[in-house]
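Report on the structure given below.
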Amino acid sequence: MQEVKIYEYAVIRLVPKVEREEFFNIGLVLFSKREKYIRVEFHLCPKKFELMQCEMDYNDILQNLENFKHVARGEKEGGEIAAFDIPERFRWLTAVRSSVIQTSRPHPGKTMDLDATFERLFEELVK
(Lines give C-alpha, C1' and ligand atoms only; values in the text may rest on other atoms or scores of the structure.)
Protein backbone atom coordinates (compact mmCIF):
# COMPACT_ATOMS: atom_id res chain seq x y z
CA MET A 1 0.00 0.00 0.00
CA GLN A 2 1.31 3.44 -0.96
CA GLU A 3 1.96 5.98 1.75
CA VAL A 4 0.55 9.50 1.71
CA LYS A 5 3.25 12.07 1.09
CA ILE A 6 3.14 15.56 2.60
CA TYR A 7 4.36 18.36 0.37
CA GLU A 8 4.55 22.12 0.00
CA TYR A 9 4.37 24.10 -3.21
CA ALA A 10 4.71 27.71 -4.31
CA VAL A 11 3.84 29.37 -7.59
CA ILE A 12 6.64 31.25 -9.34
CA ARG A 13 5.45 34.63 -10.56
CA LEU A 14 6.79 37.25 -12.92
CA VAL A 15 6.29 40.75 -11.57
CA PRO A 16 7.26 43.02 -14.48
CA LYS A 17 6.81 46.25 -12.52
CA VAL A 18 7.37 45.53 -8.86
CA GLU A 19 5.91 48.86 -7.77
CA ARG A 20 2.57 47.98 -9.44
CA GLU A 21 2.44 44.49 -7.89
CA GLU A 22 0.93 43.01 -11.06
CA PHE A 23 2.08 39.50 -11.87
CA PHE A 24 1.40 36.38 -13.86
CA ASN A 25 2.20 32.79 -12.98
CA ILE A 26 5.17 31.31 -14.80
CA GLY A 27 6.28 28.30 -12.79
CA LEU A 28 5.98 26.00 -9.83
CA VAL A 29 8.24 24.63 -7.12
CA LEU A 30 7.11 21.56 -5.15
CA PHE A 31 8.95 20.09 -2.18
CA SER A 32 8.59 17.12 0.19
CA LYS A 33 11.00 16.92 3.10
CA ARG A 34 10.36 13.28 3.96
CA GLU A 35 10.71 12.16 0.35
CA LYS A 36 13.77 14.38 -0.23
CA TYR A 37 11.98 15.72 -3.30
CA ILE A 38 12.12 19.11 -4.93
CA ARG A 39 11.07 20.02 -8.45
CA VAL A 40 10.96 23.32 -10.33
CA GLU A 41 9.50 23.90 -13.78
CA PHE A 42 8.52 27.06 -15.59
CA HIS A 43 6.78 28.21 -18.75
CA LEU A 44 7.34 31.82 -19.80
CA CYS A 45 4.97 32.57 -22.68
CA PRO A 46 6.64 35.16 -24.95
CA LYS A 47 3.28 36.71 -25.90
CA LYS A 48 2.22 37.22 -22.27
CA PHE A 49 5.66 38.59 -21.51
CA GLU A 50 5.30 41.14 -24.31
CA LEU A 51 1.82 42.17 -23.14
CA MET A 52 3.09 42.92 -19.62
CA GLN A 53 5.55 45.48 -21.04
CA CYS A 54 8.37 44.21 -18.87
CA GLU A 55 11.47 46.39 -18.88
CA MET A 56 13.72 43.36 -18.49
CA ASP A 57 15.01 41.24 -21.33
CA TYR A 58 13.11 38.00 -22.00
CA ASN A 59 16.34 35.97 -22.19
CA ASP A 60 17.58 37.44 -18.89
CA ILE A 61 14.38 36.28 -17.21
CA LEU A 62 14.82 32.80 -18.72
CA GLN A 63 18.39 32.67 -17.38
CA ASN A 64 17.20 33.65 -13.90
CA LEU A 65 14.57 30.92 -14.04
CA GLU A 66 17.22 28.41 -15.08
CA ASN A 67 19.17 29.50 -11.99
CA PHE A 68 16.10 28.66 -9.88
CA LYS A 69 16.29 25.15 -11.34
CA HIS A 70 20.03 24.88 -10.64
CA VAL A 71 19.47 25.84 -7.00
CA ALA A 72 16.55 23.43 -6.60
CA ARG A 73 18.48 20.54 -8.12
CA GLY A 74 21.57 21.25 -6.04
CA GLU A 75 23.72 21.82 -9.13
CA LYS A 76 27.00 23.71 -8.87
CA GLU A 77 25.69 26.32 -11.36
CA GLY A 78 23.30 27.35 -8.57
CA GLY A 79 26.18 28.67 -6.48
CA GLU A 80 26.53 28.38 -2.71
CA ILE A 81 22.78 28.10 -2.10
CA ALA A 82 22.65 24.93 -4.22
CA ALA A 83 24.90 23.22 -1.65
CA PHE A 84 22.24 23.61 1.06
CA ASP A 85 20.02 20.66 1.92
CA ILE A 86 16.65 20.39 0.16
CA PRO A 87 14.50 22.08 2.85
CA GLU A 88 16.90 25.04 3.04
CA ARG A 89 16.92 25.38 -0.75
CA PHE A 90 13.11 25.37 -0.83
CA ARG A 91 12.97 28.05 1.89
CA TRP A 92 15.50 30.17 -0.02
CA LEU A 93 13.57 29.80 -3.28
CA THR A 94 10.30 30.78 -1.59
CA ALA A 95 11.64 33.60 0.58
CA VAL A 96 9.76 36.88 0.30
CA ARG A 97 11.58 39.21 -2.05
CA SER A 98 10.96 42.40 -3.93
CA SER A 99 12.18 41.41 -7.37
CA VAL A 100 10.85 40.66 -10.83
CA ILE A 101 10.76 36.91 -10.06
CA GLN A 102 8.85 36.09 -6.88
CA THR A 103 6.98 33.13 -5.42
CA SER A 104 3.65 32.83 -3.69
CA ARG A 105 3.67 31.83 -0.07
CA PRO A 106 4.07 28.06 0.31
CA HIS A 107 0.90 25.95 0.39
CA PRO A 108 0.73 22.47 1.98
CA GLY A 109 -0.87 19.32 0.64
CA LYS A 110 -0.99 15.52 0.71
CA THR A 111 -0.63 13.15 -2.20
CA MET A 112 0.16 9.59 -3.16
CA ASP A 113 2.18 10.68 -6.22
CA LEU A 114 4.37 13.79 -6.09
CA ASP A 115 5.09 13.91 -9.83
CA ALA A 116 1.40 13.55 -10.77
CA THR A 117 0.49 16.27 -8.28
CA PHE A 118 3.20 18.52 -9.67
CA GLU A 119 1.88 18.01 -13.22
CA ARG A 120 -1.71 18.73 -12.15
CA LEU A 121 -0.79 21.89 -10.23
CA PHE A 122 1.43 23.11 -13.06
CA GLU A 123 -1.38 22.66 -15.56
CA GLU A 124 -3.95 24.39 -13.31
CA LEU A 125 -1.81 27.27 -12.06
CA VAL A 126 0.74 28.01 -14.77
CA LYS A 127 -0.35 26.96 -18.26
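The values are calculated or read from the model by the stated rules, or taken from the named source; none is laboratory data. Predicted model, so just to flag it, every value in this text is computed and none were measured. Glycine also receives a Cβ, built like all others from the backbone with ideal geometry; neighbour counts cover every protein chain displayed.
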Q. If we keep just the residues of the range 72-85 that are under 22 Å from ILE6 (Cβ atoms) and touching a residue at least 12 places away in the same chain (Cβ under 8 Å), which is nearest to the chain's Cα centre (by Cα)?
A. ALA72
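Picking from THR117, THR94, THR103, which residue would you name as being out of contact with any His (no Cβ under 7 Å at 6 or more places or on another chain) and more than 28 Å from GLU19 (Cα to Cα)? Walk me through how you get there before you give the answer.
Details: THR94 fails: more than 28 Å from GLU19 (Cα to Cα); THR103 fails: more than 28 Å from GLU19 (Cα to Cα).
One residue alone meets the criteria, THR117.
Among the residues of the range 51-61, is there at least one that is among the hydroxyl-bearing types (Ser, Thr, Tyr) and within 15 Å of GLU88 (Cα to Cα)?
Within the range 51-61, the subset among the hydroxyl-bearing types (Ser, Thr, Tyr) is 58.
Narrowing the set further to residues that are within 15 Å of GLU88 (Cα to Cα) leaves none.
No: the range 51-61 contains no residue that is among the hydroxyl-bearing types (Ser, Thr, Tyr) and within 15 Å of GLU88 (Cα to Cα).
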Q.
List the residue pairs whose Cβ atoms are under 8 Å apart, where the first residue sits in the range 1-13 and is farther than 14 Å from LEU114 by Cα and of a type outside the set (A, V, I, L, M), the second is in a loop (DSSP other than H, G, I, E, B) and modelled with pLDDT of 95 or more, and the two are 6 or more positions apart or on different chains.
A. ARG13/SER104
Q | Residue satisfying condition, being over 27 Å from GLN2 (Cα atoms), more than 13 Å from the chain's Cα centre (by Cα) and either charged (D, E, K, R) or at pLDDT 95 or above (or both), within set LYS47, LYS33 | A | LYS47
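Of all residues in the range 111-125, how many are closer than 24 Å to VAL15 by Cα and without any contact (Cβ under 8 Å) to a residue 40 or more places away in the chain? So that I can check it myself, show each step before the final result.
Here is the first cut: in the range 111-125, the ones closer than 24 Å to VAL15 by Cα are 118-125.
If we keep only those that are without any contact (Cβ under 8 Å) to a residue 40 or more places away in the chain too, we end up with 119-120, 123-124.
Here the count works out to 4.
Within the range 86-110, can you find the residues that are surrounded by 11 or more Cβ atoms within 10 Å (Cβ to Cβ) and free of Cβ contacts under 8 Å to residues at least 60 places away in the same chain? Write out each step before concluding.
Taking the range 86-110 and keeping what is surrounded by 11 or more Cβ atoms within 10 Å (Cβ to Cβ), we get 86-94, 97, 100-104, 106-107, 109.
Within the range 86-110, ILE86, PRO87, GLU88, ARG89, ARG91, TRP92, ARG97 qualify.
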Q | Residue tally, condition under 22 Å from LEU121 (Cβ atoms) and without any contact (Cβ under 8 Å) to a residue 40 or more places away in the chain, over the range 23-59 | A | 6
Q: Mind counting the residues in the range 1-30 that are of a type in the set (A, V, I, L, M, F, W, C) and buried (at least 19 other Cβ atoms within 10 Å of the Cβ)?
A: 10
Q) Any chance the range 48-67 includes a residue that's surrounded by 15 or more Cβ atoms within 10 Å (Cβ to Cβ), among the aromatic types (Phe, Trp, Tyr) and touching a Lys or Arg at 6+ places or on another chain (Cβ under 9 Å)? A) no
